[in-house]
Amino acid sequence: MALYDSEMSLQAIGEELGLNPIKVRKLLITAGVYESEVAEKVQTTLQELLIEARKY
């Protein structure tokens, strides 16, 4: 998250960490720091699933 906060691109972060940029984006979405329409949908869906899982 610190690298993303420093305005580095996903590609640069991936190279720094030895990860694929797609994996970097996935991790940032999961952490709730990557903002996009798709990221918002992922966060909403994750929250809904967590709420449902707590019911069991």
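The values are calculated or read from the model by the stated rules, or taken from the named source; none is laboratory data. Quick caveat, the model's predicted, so the values are computed rather than measured. Methodologically, a virtual Cβ is constructed for each residue, glycine included, from the backbone with ideal geometry; neighbour enumeration extends over all protein chains shown.
Tabulated values for the structure
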{"read-out": "Qualifying positions in the range 30-54 - among the aliphatic types (A, V, I, L, M) and not in a loop (DSSP other than H, G, I, E, B)", "value": "Ala31, Val38, Ala39, Val42, Leu46, Leu49, Leu50, Ile51, Ala53"}
{"read-out": "Every pair of residues 6+ apart whose Cβ atoms lie under 7 Å, when the first sits in the range 38-56 and is closer than 21 Å to Arg25 by Cβ and free of Cβ contacts under 8 Å to residues at least 24 places away in the same chain while the second is surrounded by 10 or more Cβ atoms within 10 Å (Cβ to Cβ) and aliphatic (A, V, I, L, M)", "value": "Ala39/Ile29; Val42/Ile29"}
{"read-out": "Every pair of residues 6+ apart whose Cβ atoms lie under 6 Å, when the first sits in the range 1-27 and is touching a residue at least 24 places away in the same chain (Cβ under 8 Å) while the second is part of a helix (DSSP H, G or I) and surrounded by 12 or more Cβ atoms within 10 Å (Cβ to Cβ)", "value": "Tyr4/Leu28"}
{"read-out": "Selection from the range 1-17 of residues that are at pLDDT 85 or above and among the hydroxyl-bearing types (Ser, Thr, Tyr)", "value": "Ser9"}
{"read-out": "Per-region count, the range 18-45, residues modelled with pLDDT under 90, loosely packed, with under 12 Cβ neighbours inside 10 Å and either among the small types (Gly, Ala, Ser) or closer than 17 Å to Asp5 by Cα (or both)", "value": "3"}
{"read-out": "The range 8-29: number of residues that are assigned to a helix (DSSP H, G or I) and farther than 27 Å from Gln47 by Cα", "value": "5"}
